[in-house]
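Taking it in order: structure first as C-alpha cells, then the write-up.
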Amino acid sequence: MPTSGGTEINRLSFSFLSRIESACGFYTFQVALLGIALLSLIVPRLVQAQSVEASIRFDQQTQVFRIDAADMSYVLGINEKKQVQTLYWGRRLGYADSFAAAHATPGSSSFDLPTNTTVQEFVAWGGGLYVEPDLKVAFPDGNRDLVLQYVSHTIEGKKLIIRLKDISQEVYVDLQYKADAHTGILRRSARLQNKTASPLTVEQIASGTWNLPRGTDYRLRYLTGRWAGEWNLHEQTIQPGKTILESRRGSTGAQNNPWFAIDRNNSNDQDTGDVWFGALGWSGSWQISVEQDQIQQVRVTGGPNSFDFGYRLAPGEHLQTPYFYAGYSHDGIGGASRLLHRFELSSILPHAPNPKLRPVLYNSWEATGFKVDETGQEALAEKAASIGVERFVVDDGWFGQRANDKAGLGDWYVNPAKFPRGLKPLIDKVHSLGMDFGLWVEPEMVNPNSDLYRKHPDWILNFTGRPRTEGRNQLMLNLARPDVRDYVFRFLDKLLDENDIAFLKWDYNRNWSEPGWPAVTPEDQKKVYISYVQNLYSILEELRAKHSTVEIESCSGGGSRVDLGIMRYSDEVWPSDNTDAFDRLLMQDGFTYAYSPGVMMTSATDDFEIAKIRVGKNVLRCARTSQK
C-alpha cells in the first residue's frame, strides 16, 4: 500500500495528467503517465527513507527505556523491585510523550502474587511464578529457585543490552534488543552466563516474552501443515489458558511454523487495525506459548522447546538463545506481512539488503529420478536451454552407489559408472549452453547401506542398545559431534572447490528419532538439541564465507525447514513437494503471511513427466515442454 504521501502524489498527478492529455495528445500522455507511475513508486520511499530513524533512549530519572523505529514504539522500565517491566508496545509515540516510572502491579490475592500480575520482559521460575517462565534452572544442591533483577545496561546505536542477575547466585542474563529502522521490527535474544563455582542445568530457556495490552478480544493466527500440505492458515480467539505452537521433531517442522500474528477479533479488513506479529529464528525443536492469564494479560514466549531438554552449563560457560523477532502494524495483517517481507529481504537473507533476482531453474528429478548419467543429463540440459532456462540442477542419484533411496547417502563421491569423467564435462556442457550449474545434496543423512555408515555407525543419533528408526530408509547423522560436523563441511567444501557449482539444493528428508549422543556424558547428551543446530549454522556460514557466490536452497521434503534462522544462510526456500497448481495457490497464500514471495520457489510440472522448472518471484518466465 502506498504511504499517504504517495497517495497524495497520485491524486495531484492524475489531475495534472488529464490536462496534459488534452493539450499534448495521447502518446505524450502515455509517457507522462509512465513517469508519474515511476514517481509514485520512488517518491514515497524517498520520503520514508528521509523520515525513518531508530533511537533508544533511557530516562535516568524514571528508569524508563524507549525504543522508537519506523512507526513503532516499545517502552519498558525498571520498577521498584528491579524487574524489567513492559510499559507499551504499539504505534509510534510523539517525541515529547513520556512515561512515569514503572511500578509492579499489585497481586490480586494471596493466590496471584505481583510476580505473576506484573508483565515482565524476561522472568525466571522462582518467587511464586505460575505464568510461562523464560528461564528455569536447577542447581547441584537441589535449588531450582531463580529471581532475576536489573543490574545495568548499555546502549549502542540501535542495540540495547540489559543485564539481570539472580538475587544471590552468580547467574547473569543479558537481554539483547536490536531495532530495525525501516520496519520497526525488534530482534530479541538472551545470553545466560554461569559465574558460579558449580555447573547448573538449564531446563527451559526462551529468547524473551512479548507482552500485549490487556484485553479479551484478541485473535491468534498461525500456520500448520504436513508433508505435501503445508502452510494452512488457522485463526482462533485467544481464550484464558495457553496455546502452544511447537515442533519436537529436531527441526522446524511443517506441523506448526514458528510465526504468529495477533489482532482484535472485530478487525476483518486486512489493511486496517492493530496487529502484533513475530517469528522465531530457530531451525531446531522450538516452542511459542500464547498465554492469557487470569487478569486478561496476553503473553507470547518463544525459544527452544523445553520438551526432553536439559543443558548443563559449566562454570564460566554461557548459552545464547535464538533470535525472536516481532513487530507492530496499524495497517492490519496485510501491513504486518509486508513489514515482515521487507525485513526478510533487507535484513535476513545472505545478500541483504540487495538480494539477487533468482534465475529460472530446471531440476532433473521429475525427468530422470535416480537414473542420472552424463549422456542423459546433457540431453536434458539442451532441452532446458532451448526454453530459456538459466540454471540446470542435477538432483538425487549422482553420488555413491545411489540407484534408489535405499543406499548411498553419506558417500559423497561422484558415481564413476554414471559420470566416468567426473562432473566437469557435464558442467562445461551446461555452461556452453548459457546456463549455470547446480547440485542436490542431503548432507545430514546417511543410509545404513553406505560406506560411511559401515565405517562410522557411532556417528548416528542413537540410544545405546536401542533400535535405530529409519525414515525414507535413512538415519540422522549427529551433527552435534565435532567430527561429524567437520566431515560434512569438508566434503561440501571439496565438492565446491573441485567443481564450478553455482547452486546447492540442500535437502533434509526426515525428522529426528532416538536423539541420543553416547559419546558424551549422560548429563550432557541433551545438549544435542542446541549443538546440532549451532553446527548446522556454522557449516553454512563457513561455506558461504569461502564460496561467496554459491547460492543455497533450504528444502526439507518441501517446507519443513523454513524459518528466520535457516533463511540467514539460504537464498531461497522450497515451500512444498506438492506442485499441483490448485494446491500451490492455497499453500503459497498461507506462506506469504509470514515469508516473502521473494524467497519462495515454485514449480511447473506436466503430469510429473518433465523436469521441474522452478521460478522465482512468482513469475513463470519460461514455456512449458512435454518432452522428456
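Name the single residue, out of those in the range 608-622 being under 22 Å from Val394 (Cβ atoms) and open to solvent by 40 Å² or more (accessible area, probe 1.4 Å), that is modelled with the highest pLDDT.
Here the answer is Phe608.
Quick check: is even one residue across the range 266-273 free of Cβ contacts under 8 Å to residues at least 60 places away in the same chain, under 21 Å from Trp89 (Cα atoms), open to solvent by 30 Å² or more (accessible area, probe 1.4 Å) and assigned to a loop (DSSP other than H, G, I, E, B)?
Checking the range 266-273: at least one residue is free of Cβ contacts under 8 Å to residues at least 60 places away in the same chain, under 21 Å from Trp89 (Cα atoms), open to solvent by 30 Å² or more (accessible area, probe 1.4 Å) and assigned to a loop (DSSP other than H, G, I, E, B).
Out of all the residues in the range 375-383, is one or more under 27 Å from Ile566 (Cα atoms) and acidic (Asp, Glu)?
No.
Answer yes or no as to whether Leu496 is assigned to a helix (DSSP H, G or I) and hydrophobic (A, V, I, L, M, F, W, C).
So Leu496 fits the description; yes.
So that you can scan it fast, the table gives a plain yes or no per residue for (1) open to solvent by 20 Å² or more (accessible area, probe 1.4 Å); (2) within 21 Å of Val414 (Cβ to Cβ); (3) among the small types (Gly, Ala, Ser):
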| site | (1), (2), (3) |
| --- | --- |
| Ile501 | no, yes, no |
| Leu540 | no, no, no |
| Ser570 | no, no, yes |
| Trp574 | no, no, no |
| Asp583 | yes, no, no |
| Tyr593 | yes, no, no |
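Here's a check for you: in the range 518-535, which residue that is part of a helix (DSSP H, G or I) and among the aliphatic types (A, V, I, L, M) is farthest from Gly281 (Cα to Cα)? Please lay out each step first, then the result.
To start, the set of residues in the range 518-535 that are part of a helix (DSSP H, G or I) comprises 522-535.
Going one step further and asking which of them are among the aliphatic types (A, V, I, L, M), we end up with 528, 530, 533.
On the way: Val528: 18, Ile530: 13, Val533: 11 Å.
Result: Val528.
Every residue in the range 409-429 that is among the hydrophobic types (A, V, I, L, M, F, W, C), within 10 Å of Glu374 (Cβ to Cβ) and assigned to a helix (DSSP H, G or I), please.
Leu426
Pairs, please: C-beta under 9 Å, at least 6 apart or cross-chain, first residue closer than 24 Å to Gln320 by Cβ and in the range 562-582, second of a type in the set (Lys, Arg) and outside any loop (DSSP other than H, G, I, E, B)?
Listed by first residue and then by second, the contacts come to Tyr569/Arg544.
Considering only the range 477-499, how many residues are loosely packed, with under 15 Cβ neighbours inside 10 Å, of a type in the set (Lys, Arg) and touching a residue at least 12 places away in the same chain (Cβ under 8 Å)?
So the answer is 0.
I'd like to know if the range 133-150 contains one or more residues that are within 30 Å of Ser347 (Cα to Cα) and either β-branched (Val, Ile, Thr) or in contact with a His (Cβ under 9 Å, 6 or more places away or on another chain) (or both).
No, the range 133-150 has no match at all.
Just give me the residues in the range 213-229 being touching a Leu at 6+ places or on another chain (Cβ under 6 Å) and closer than 16 Å to Pro240 by Cβ, in sequence order.
Correct list: empty.
Applying the selection to the range 281-305, what residues are surrounded by 23 or more Cβ atoms within 10 Å (Cβ to Cβ) and of a type in the set (S, T, N, Q)?
Ser283, Ser285, Gln287, Thr301
Mind listing whichever residues of the range 173-203 are part of a strand (DSSP E or B), in contact with a Lys or Arg (Cβ under 9 Å, 6 or more places away or on another chain) and open to solvent by 30 Å² or more (accessible area, probe 1.4 Å)?
Gln176, Lys178, Arg187, Thr201, Glu203
Among (1) open to solvent by 10 Å² or more (accessible area, probe 1.4 Å); (2) over 14 Å from Tyr177 (Cα atoms); (3) modelled with pLDDT of 95 or more, there is one condition Thr86 misses while meeting the rest; what is its number?
(2)
State which residue pairs qualify: first residue touching a residue at least 40 places away in the same chain (Cβ under 8 Å) and inside the range 224-249, second residue part of a loop (DSSP other than H, G, I, E, B) and among the hydroxyl-bearing types (Ser, Thr, Tyr) in any location, beta carbons under 6 Å apart, and separation of 6 or more residues or different chains.
Pairs found: Ser247/Ser285; Arg248/Ser285.
Among (1) modelled with pLDDT under 95; (2) in contact with a helix residue (DSSP H, G or I) (Cβ under 8 Å, 6 or more places away or on another chain); (3) over 30 Å from Thr272 (Cβ atoms), which single condition is His351 missing?
Against the list (1) modelled with pLDDT under 95; (2) in contact with a helix residue (DSSP H, G or I) (Cβ under 8 Å, 6 or more places away or on another chain); (3) over 30 Å from Thr272 (Cβ atoms), His351 comes up short only on (2).
Return yes when Lys406 is open to solvent by 40 Å² or more (accessible area, probe 1.4 Å), over 30 Å from Arg187 (Cβ atoms), assigned to a loop (DSSP other than H, G, I, E, B) and touching a residue at least 60 places away in the same chain (Cβ under 8 Å) and no when it is not.
It is true that Lys406 is open to solvent by 40 Å² or more (accessible area, probe 1.4 Å), over 30 Å from Arg187 (Cβ atoms), assigned to a loop (DSSP other than H, G, I, E, B) and touching a residue at least 60 places away in the same chain (Cβ under 8 Å).
The values are calculated or read from the model by the stated rules, or taken from the named source; none is laboratory data. Quick caveat: nothing in here was measured; it's all calculated off a predicted structure. Backbone-built Cβ (ideal geometry, glycine too); neighbour counts: all protein chains shown. Each accessible area value is taken on the protein alone, full model and side chains, heavy atoms only, with ligands, DNA and RNA left out. Shrake-Rupley method; radii C 1.70, N 1.55, O 1.52, S 1.80 Å.
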